[in-house]
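Notes follow once the structure below has been shown.
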Amino acid sequence: KDTFKNHVSPEELYLPIRADFDRFEHDKHIGAVNALEVSPFNKNLLLSAGQDGCVKLLHMQDPSPIREWEPSPPATINGPFETISSLTTASFSPIRPLVFATASIDGLVYIFDLNVSSSAPVSVLEVPIEQNNRHSDRRASIMGLAFNKKQRDLIAACDNDGRIHIWRLSWNLSNQQINEETFLRSL
């Protein structure tokens, strides 16, 4: 019984959140936010992906996005695509501070490298169109995305048909470049 004599209640450990001070809102996506991730290199940077087809790079304490993109399929990729493709997931690279990826319901993965381009993805990966797919003229929607922390040149995605897809990234996308963290802080 004496063991809990100095027990501290949760109310004493965690201060209550004051609605007027401890809560902050960013500019809204149009529709649902499907993914949100904090940068492993900067605790104040967030990546959000939404139903509106936008991926946003946000600072924790700034309501407006630092940058915003609406990736779309390049002309070299075949297939019917939605006018606005909902982005289902987003992930920061655990190796490269300026690299992140987002994926769409159209079965495409967009890889961004802010060291190379601040306006468009540097690579687009696609889930193959399967003949036995229940929607044979469409790619499966990508539902999850993950960079491999140990084998840094791999990225994996899972789709709504139960498959996992793995791609090998180029050396430039999987090895840290000079001055990346300095550039990241300048954002």
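The table below lists the values:
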{"item": "Share of alpha-carbon pairs per 5 Å distance bin for the stretch 92-184, given as whole %", "result": "3, 14, 24, 21, 17, 10, 7, 3, 1, 0"}
{"item": "Computed lengthening from E181 to S118, 0.36 nm per intervening residue step minus Cα-Cα distance", "result": "21.1 nm"}
{"item": "Accessible surface, the stretch 60-187, averaged per residue in Å² (probe 1.4 Å)", "result": "53"}
{"item": "Under the Karplus curve 6.51 cos²θ - 1.76 cosθ + 1.60, θ = phi - 60°, whole-Hz ³J(HN,Hα) for the stretch 160-176, x wherever Gly or Pro sits", "result": "7, 9, x, 9, 10, 10, 10, 10, 9, 8, 5, 4, 4, 7, 10, 10, 4"}
{"item": "Share of carbon and sulfur in the accessible heavy-atom surface of the stretch 67-187 [1.4 Å probe, %]", "result": "48"}
{"item": "Rel. contact order, % - alpha carbon contacts under 8 angstrom, at least six apart, the stretch 106-179", "result": "22"}
{"item": "Cα centroid of the stretch 35-60 to Cα centroid of the stretch 150-187, whole Å", "result": "16"}
{"item": "Rounded to the nearest 10 Å², the accessible area of I77 at probe 1.4 Å", "result": "20"}
{"item": "Global size of the stretch 43-90 as Cα Rg and Dmax, reported in angstrom", "result": "12.9, 40"}
{"item": "List K150, K56, ordered by accessible area with a 1.4 Å probe, largest first", "result": "K150, K56"}
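The values are calculated or read from the model by the stated rules, or taken from the named source; none is laboratory data. Small disclaimer: the values here were computed from a predicted structure and weren't measured. Heavy atoms of the whole protein, side chains included, go into the accessibility calculation; ligands, DNA and RNA do not. Shrake-Rupley method; radii C 1.70, N 1.55, O 1.52, S 1.80 Å.
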